[in-house]
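Working notes, beginning with the structure itself.
Values quoted throughout were computed directly from the atomic coordinates according to the rules given, and no laboratory measurement underlies them. Note that this is a predicted model, so its numbers are computed, not measured. No Cβ is skipped: glycine too gets one built from the backbone with ideal geometry, and neighbour counts run over all protein chains shown.
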Amino acid sequence: MQKPYRKGAIGALTDEYEKALNELKALLLQIPDDTFKKVYNEKTDIDFQSVRNIVLHIINSGYVYANHIRKRFGDSYVIPKIEIIKTEEGISGLDEMFEYTVETFEDKWHLTDDELLNTIIKTSWTTYDLEAIIEHAIVHILRHRLQIEKMIAKYGIL
């Protein structure tokens, strides 16, 4: 049975966010714990040296995006300290980050397209409208899922 879709434009974006996360989690389920945490390239940024670090980067970034939205609307926010060692902990961390994001949208499902485009969110790296920051969060997951797939292929991880 198909899960019901969420309401409105934010609902559609949230459904796509969840879809991207589910694709990433399906990939992660194939990766054993020792492979998950193994450093494959010490010459790159620490966030991208292992599958574990990439997943931690995705989780932390997801909280950053949600917190920017919460700040824009005057909502309370948290900056969690996340520790993951095992693949399953990474998957759980992704689920917790997504739930936090869904909670961020709880009173915003009704926003119109015009309201989405006119809700401006300034970050330290650029300025977004509400729709664009959610789209950025989705593409961020897709981009790093592809990075993990390339890492798997390059290093024969699976």
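Screening LYS150 on (1) assigned to a helix (DSSP H, G or I); (2) in contact with a helix residue (DSSP H, G or I) (Cβ under 9 Å, 6 or more places away or on another chain) shows it passes everything except condition (2). Across segment 103-121, the qualifying residues are those that are of a type in the set (Asp, Glu) and not in a loop (DSSP other than H, G, I, E, B), and the one among them that is surrounded by the most Cβ atoms within 10 Å (Cβ to Cβ) is GLU115. Exactly one residue out of LEU146, LEU130 is buried (at least 19 other Cβ atoms within 10 Å of the Cβ) and of a type in the set (A, V, I, L, M), and it is LEU130. The set of residues in segment 122-145 being touching a strand residue (DSSP E or B) at 6+ places or on another chain (Cβ under 8 Å) and in a helix (DSSP H, G or I) consists of LEU130, ILE133, HIS136.
Looking only at segment 121-138, which residues are among the aliphatic types (A, V, I, L, M) and in contact (Cβ under 8 Å) with a residue 12 or more places away in the chain? Across segment 121-138, the qualifying residues are ILE121, LEU130, ILE133, ILE134, ALA137, ILE138.
So that you can scan it fast, the table gives a plain yes or no per residue for (1) in contact with an Asp or Glu (Cβ under 9 Å, 6 or more places away or on another chain); (2) of a type in the set (Asp, Glu):
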{"site": "ARG6", "(1), (2)": "yes, no"}
{"site": "GLU18", "(1), (2)": "no, yes"}
{"site": "ASP33", "(1), (2)": "yes, yes"}
{"site": "LYS38", "(1), (2)": "no, no"}
{"site": "ASN41", "(1), (2)": "no, no"}
{"site": "THR44", "(1), (2)": "no, no"}
{"site": "ASN53", "(1), (2)": "yes, no"}
{"site": "LYS71", "(1), (2)": "no, no"}
{"site": "TYR77", "(1), (2)": "no, no"}
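Helices (runs of 4 or more DSSP H) fully within segment 8-102 that include at least 3 residues being in contact (Cβ under 8 Å) with a residue 40 or more places away in the chain and either surrounded by fewer than 17 Cβ atoms within 10 Å (Cβ to Cβ) or within 11 Å of the chain's Cα centre (by Cα) (or both): 8-28, 51-72.
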